[in-house]
Amino acid sequence: MDAEALGEYLDLEALQQAAGLESLERFENVAGQGVPVNMGVARHGDFLLGHRTWRPWGYWNHAGVWDAYGGWNKTVHARGYGWGVRRDAWDWFPRHYSRVAVMGVWTSAYIRNGAGWYARRQLGEPYTIWTSKTDQSKWYCSKLVWASYYWTSYGNIDLDPNGGFWVTPNDLWYSGWTYIRSIGDGW
């Protein structure tokens, strides 16, 4: 499928209308407090957001891609300096964050699965925050999620609503392409 055909196939408004969700409101005070996050709803290529404390860039502190290949549920994320892009156990996010959101992207299963594979191919790559979104050799957490969808969709899915130099976990939350599968407390 070429990029133009894919762009027509990934019509965000049509996907939202088909799901009966013409508009999705996002609030800083997210629902689900006091309820554990349901990790069982995550599908290969979905992404996770984690909150521990407020940061200058917003409510959400970390992001990672869900890797369900072969039934081994894992999280692929750019964990920080000295760690790089790595794969951790399925429960890494709820064990390390007080609030966790399992997020889906309005796209086909083909693109979602491709995004999961894209993230997985970056395992072992270095971490740095000092990299542009389009550099495919260095990673930070939310850039890995953004790039997984951007490059898999030939640039048709841009999860950064403000188009800045960096993409933050909050940008992923506020993207019109994303929706909540589950949100709740960590463990």
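The values are calculated or read from the model by the stated rules, or taken from the named source; none is laboratory data. Note that the structure is predicted; figures quoted are calculated from it, not measured. So basically every Cβ, Gly included, is an ideal-geometry build from the backbone, and we count neighbours across all protein chains shown.
Scan region 80-94 for residues that are part of a loop (DSSP other than H, G, I, E, B) and within 14 Å of the chain's Cα centre (by Cα) and the total you get is 0.
Evaluating Ser98 against the criteria (1) small (Gly, Ala, Ser); (2) over 16 Å from Gly45 (Cα atoms); (3) crowded, with 17+ Cβ neighbours inside 10 Å leaves one unmet condition, (3). Against the definition (aliphatic (A, V, I, L, M) and surrounded by fewer than 19 Cβ atoms within 10 Å (Cβ to Cβ)), how does Ile111 come out, yes or no? Judged against the criteria, Ile111 is not a match. Considering the conditions (1) touching an Asp or Glu at 6+ places or on another chain (Cβ under 7 Å); (2) loosely packed, with under 15 Cβ neighbours inside 10 Å, Gly104 is excluded by exactly one of them, (2).
Please specify each residue of region 53-75 satisfying the condition of being within 17 Å of the chain's Cα centre (by Cα) and part of a strand (DSSP E or B). Correct list: Gly58, His62, Ala63, Gly64, Val65, Trp66, Asp67, Lys74, Thr75. Within region 113-166, the set of residues being acidic (Asp, Glu), out of contact with any strand residue (DSSP E or B) (no Cβ under 6 Å at 6 or more places or on another chain) and closer than 16 Å to Ala63 by Cβ comprises Asp158, Asp160.
Here's the yes/no breakdown for (1) within 28 Å of Val37 (Cα to Cα); (2) surrounded by fewer than 23 Cβ atoms within 10 Å (Cβ to Cβ):
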{"site": "Pro94", "(1), (2)": "yes, yes"}
{"site": "Ala119", "(1), (2)": "yes, no"}
{"site": "Glu125", "(1), (2)": "no, yes"}
{"site": "Lys133", "(1), (2)": "no, yes"}
{"site": "Cys141", "(1), (2)": "yes, no"}
{"site": "Tyr149", "(1), (2)": "yes, no"}
{"site": "Ser153", "(1), (2)": "no, no"}
{"site": "Asn156", "(1), (2)": "no, yes"}
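For Val167, the criteria (1) closer than 26 Å to Gly40 by Cβ; (2) aliphatic (A, V, I, L, M); (3) touching a Lys or Arg at 6+ places or on another chain (Cβ under 7 Å) hold in every case but one, which is (1). Considering only residues that are assigned to a loop (DSSP other than H, G, I, E, B) and either surrounded by 14 or more Cβ atoms within 10 Å (Cβ to Cβ) or at pLDDT 95 or above (or both), which ones fall in region 29-50? Val30, Gly32, Val37, Asn38, Ala42, Arg43, His44, Gly45, Asp46 - these are the residues of region 29-50 that are assigned to a loop (DSSP other than H, G, I, E, B) and either surrounded by 14 or more Cβ atoms within 10 Å (Cβ to Cβ) or at pLDDT 95 or above (or both).
This table checks each residue for (1) surrounded by 15 or more Cβ atoms within 10 Å (Cβ to Cβ); (2) of a type outside the set (Phe, Trp, Tyr); (3) modelled with pLDDT of 95 or more; (4) within 19 Å of Gly114 (Cα to Cα).
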residue	(1), (2), (3), (4)
Gly20	no, yes, no, no
Phe27	no, no, no, no
Arg52	no, yes, no, no
Tyr59	yes, no, no, no
Asp67	yes, yes, yes, yes
